[in-house]
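A short reminder: the numbers here are calculations on the coordinates, not readings from a lab. All values derive from a computational prediction rather than experimental measurement. Cβ placement follows ideal geometry from the backbone for every residue including glycine, while neighbour counts extend to all protein chains displayed.
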2 protein chains.
Amino acid sequence: MMYRHPTVGQIRIADVLTALGNPVRLSVVRVLDAGGEYNCGSVLGRLGITSKSTMTHHWRVLRESGVILQQPSGRENLLTLRRTELDSRYPGLLDAVLAGAASDEILS
Amino acid sequence: MMYRHPTVGQIRIADVLTALGNPVRLSVVRVLDAGGEYNCGSVLGRLGITSKSTMTHHWRVLRESGVILQQPSGRENLLTLRRTELDSRYPGLLDAVLAGAASDEILS
């Protein structure tokens with residue numbers, strides 16, 4: 001199944017902020033940003049999340065906001081953070097968000 | 001009525017992003033950031049919003065996430081963006097979000 005993704009010009013900041021404004025989705029973005037190839041299962045494994053069903057909504061929000069690409073690769077979906085595109089569209093945003101998430105982690 | 005607000009240390013980035021990830025709330029933040037003294041009514045007037053009742057939820061989300069202060073002043077509530085505190089807690093975040101909102105406006 002091929003998913004539709006917004007073009008860079010179709011991305012809107014309110015959607016990106018909503019996508020990032022959830023602890024689980026923010027954790028996913030942090031994993032993807034750290035590098036490496038991930039599919040849905042391996043991200044969940046990395047985060048210690050066992051319920052795949054509750055994640056379907058999160059993948060959709062991340063994908064439709066323009067934060068990640070979700071692309072079929074064999075029997076899996078490859079997940080990629082749209083880092084370059086987001087950085088060109090909203091300079092400094094993702095860096096500030098990821099630094100903020102790391103700083104929250106130290107506080108809590 | 002005095003509202004409770006989170007201290008800087010109690011602010012969490014997911015809540016801030018959720019608060020900013022809504023077009024109406026983002027517009028409110030842009031008005032407050034542009035400077036000047038605002039109460040709920042004058043922000044709504046500035047945005048051309050006439051329904052006060054739908055805004056009660058938005059004020060609460062902005063206040064409880066730590067984005068704005070909502071303080072009684074006479075018979076009104078004075079609204080203030082917690083710019084300095086947010087900038088110290090999440091350097092560059094608000095600048096990137098406000099620049100992104102301005103850039104979206106040009107595209108749409």
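Run the dipole for region A:8-101 about the Cα centre, Lys and Arg Cβ at +1, Asp and Glu Cβ at -1, nothing else charged, and hand back the magnitude in debye, nearest 20.
220
Hey, with R₀ at 35 Å, roughly what FRET efficiency would B:Asp87 and A:Glu85 work out to, going by the Cβ-Cβ distance, to 0.05?
Approximately 0.85, to the nearest 0.05.
Mean residue ellipticity at 222 nm from the helices of chain B, using -39,500 (n - 2.57) per DSSP H segment of n ≥ 4 over the full residue count, to the nearest 500 deg cm²/dmol?
Rounded to the nearest 500, the figure is -16000 deg cm²/dmol.
Taking the Cα centre of the protein assembly as shown as the origin, how large is its charge dipole in debye, to the nearest 20, when only Lys and Arg (+1) and Asp and Glu (-1) carry charge on their Cβ atoms?
Dipole magnitude for the protein assembly as shown comes out near 580 debye.
Quick one: plug the Kirkwood hydrodynamic radius of region A:8-101 (C-alpha pairs) into Stokes-Einstein at 37 °C, 0.692 mPa s, and report D in µm²/s.
Translational diffusion coefficient: 245 µm²/s.
Convert each backbone phi in region B:29-34 into a coupling constant with the Karplus relation 6.51 cos²θ - 1.76 cosθ + 1.60 (shift: θ = phi - 60°), then list the ³J(HN,Hα) values in order as whole Hz, x for Gly and Pro.
Taking θ as phi minus 60°, the curve returns 5, 5, 5, 5, 5, 5 Hz for region B:29-34.
Among B:Val31, B:Val67, B:Asn77, whose Cα sits farthest toward the positive end of the charge dipole of chain B (+1 at Cβ of Lys/Arg, -1 at Cβ of Asp/Glu, about the Cα centre)?
Selected residue: B:Asn77.
What is the distance in Å between the Cα centroid of region A:30-108 and that of region B:9-67?
Using only Cα atoms, the two centres lie 27 Å from each other.
Which whole-number percentage describes the relative contact order of chain A, with Cα contacts under 8 Å and a sequence gap of 6 or more?
After rounding, I find 31 percent.
What does the average come to when, for each residue of peptide A:22-34, you count the partner chain Cβ atoms lying within 10 Å of its Cβ?
Taking all residues of A:22-34 together, the mean is 1.
Quick query: amide H of B:Tyr38 versus all other amide H atoms, modeled in the peptide plane; which residues come in under 5 Å with a sequence gap of 5 or more or a different chain?
Amide H to amide H, under 5 Å and 5 or more residues apart or across chains, B:Tyr38 pairs with B:Leu79.
Which value results for Rg/Rh of the protein assembly as shown when Rg is the Cα radius of gyration and Rh the Kirkwood radius based on the inverse mean 1/r?
Looking at the protein assembly as shown, the ratio lands at 1.00.
For region B:73-88, what does the Karplus curve 6.51 cos²θ - 1.76 cosθ + 1.60, with θ = phi - 60°, yield as ³J(HN,Hα) per residue in whole Hz, taken in order and with x for Gly and Pro?
In residue order, the calculated couplings are 8, x, 8, 10, 10, 7, 10, 9, 6, 8, 4, 4, 5, 5, 5, 6 Hz.
Going 7 Å from Cα along the Cα-Cβ axis for the label, what nanometre distances separate B:Gln71 from the same residue across the other copies?
5.2
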